[in-house]
Amino acid sequence: MTKTVSRPASRSLLRRHHAALVLSILLDESQLTRAEIARRAGLSKPTINEVVGDLIEAGLVEESDETSVTHMGAGRRGRPLVIRSDGGALVGVDIGANKVQTLVDPAAVRAIGVGTPGDVNQTTGEVTLVPQIDGFEGLRLKDLIQAWFPCPIYVDNEVHLAVVGERWRGAARGIDDAVLINVGIGIAAGILIGGSLHRGATGAAGEIGYLPLVEDWSLSRPPRGWGVLEYEAGGAAYARLAREAAEAHPNRVLHQLAGGDLDRLDARAVFEAARLGDPDSRRIVDQLLGLLARAVATVALVLDASTIIIAGGVAHAGADFLDPLSDLVGAAVPRRPRLVLTELGDDAVSLGAIYVAHQAVWASVRTSPLVDLGP
């Protein structure tokens, strides 16, 4: 019989793992002392001192000039540690149909996270189901970016990254089971189960825009690549129905809000007109909220998430959108879910991209020495 002998990890490997852990803790909350980091990491103070010394030498971490007193006012906390702003940049990119948003510090790029519409195959990097951007279907976006930046690149669906961003800095902080539903030009969901992002077998988990929840979905004629629900209840539906109503009733509020350009009409204009008492806008809101409520109720029943976050252009309508949606969903399910609006708004995808870029750096720190850490 062969006896298996487990061998302890090398000292160098452990130090790199600990360095990555300390970086992760400081990214989540800066201005922590060595003692505070030691408690959060579950490591001894001598180990933390050794690791922090490595990170300072590598130019990734520095000690703040301030020495803060304890929260109780007795004693001093020591010098807090911060991640150096010039030690390397984590880039978060949000690619949309009408914009590209980037969050970056002015320093050498260490990792890039990119959120894009459509599904992203995590094996091949191929982007599919992205009809809103010409030329993106079948694009291997990661390979294109990698040709310009020799650093870790992470590409994922924009809504997947949005829910990661909300868990890190927004409405899903401290929540392990949450769903973010983005209602923009399309409709899609990002799903957290047990604190982890759920992509599904092919990366298409959360493509709820394809749910056939209209009265007679066989009669719906969305453009090629579009799902029935997103065509009938997404941002494009608000614009389409608003233009039709304004053309039919040129003396009503919607036409006045357009200022002579009906292409300016969108969900925000519809909700504003509804608040002003416009009957056409009220009818549009009731119709589209009813369709969306069916999708949200379906998600709530299938996933039983503790929190459902609503994001996208319609979130700008605030309580005028969220309150009736919550009532409709609550009437359709046995347990009413907690529905909230995004806290991060347009920054959710970029922040989620930065977080996964940080994870890529973490992984590289665990496998490659930042500095000569010894044997």
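The values are calculated or read from the model by the stated rules, or taken from the named source; none is laboratory data. Nothing here was measured: the structure is a model prediction, and the numbers come from that model. With ideal geometry, Cβ positions are generated from the backbone for all residues, glycine too; neighbour counts draw on all protein chains shown. For the accessible areas, the whole protein counts, side chains as well, though only heavy atoms, and no ligand, DNA or RNA atoms are used. Shrake-Rupley method; radii C 1.70, N 1.55, O 1.52, S 1.80 Å.
Reported value for the chain: 222 Å³ per residue, from the convex hull of its C-alpha atoms.
Only protein heavy atoms count here; under a 1.4 Å probe, Ile56 has an accessible surface of about 60 Å². Whole-Hz Karplus values for the range 188-203 come out as 7, 10, x, 10, 10, 10, x, x, 10, 5, 9, 9, x, 5, 10, x Hz, taken residue by residue from phi with 6.51 cos²θ - 1.76 cosθ + 1.60 and θ = phi - 60°; glycine and proline positions read x. Relative to the longest principal axis of the Cα atoms of the chain, the long axis of helix 11-28 lies at roughly 40 degrees.
Based on the mean of other Cβ atoms within 10 Å per residue, sort peptides 299-309, 252-262 so the most packed one is first.
Per-residue Cβ counts within 10 Å, averaged per peptide and sorted highest first, yield 299-309, 252-262.
Relative to the longest principal axis of the Cα atoms of the chain, helix 158-169 runs at roughly 60 degrees. The listed peptides 194-204, 123-133, 42-52, ordered by packing as a protection proxy, come out as 123-133, 42-52, 194-204 (highest mean of other Cβ atoms within 10 Å first).
Leaving ligands and nucleic acids out of the surface, order Glu57, Glu137 by accessible area at 1.4 Å, largest first.
Glu57, Glu137
How much of the accessible area of the chain, in percent, comes from carbon and sulfur atoms when a 1.4 Å probe is used? Answer for the chain: carbon and sulfur cover 52 percent of the accessible area.
Put simply, when 157-168, 225-236, 109-120 are sorted by average Cβ atoms within 10 angstrom per residue, most first, you get 157-168, 109-120, 225-236.
Within the P(r) computed for the range 238-337, what percentage of the Cα pairs occupies the region above 19 Å? Summing the P(r) of the range 238-337 above 19 Å gives 44 percent of all pairs. Counted over all Cα-Cα pairs of the range 175-311, pairs farther apart than 28 Å make up 25 percent. In order along the range 344-359, phi translates into HN-Hα couplings of 9, x, 5, 8, 4, 5, 4, 5, x, 5, 5, 5, 6, 5, 4, 4 Hz, rounded to whole numbers, per the Karplus curve 6.51 cos²θ - 1.76 cosθ + 1.60 with θ = phi - 60° and x for Gly and Pro.
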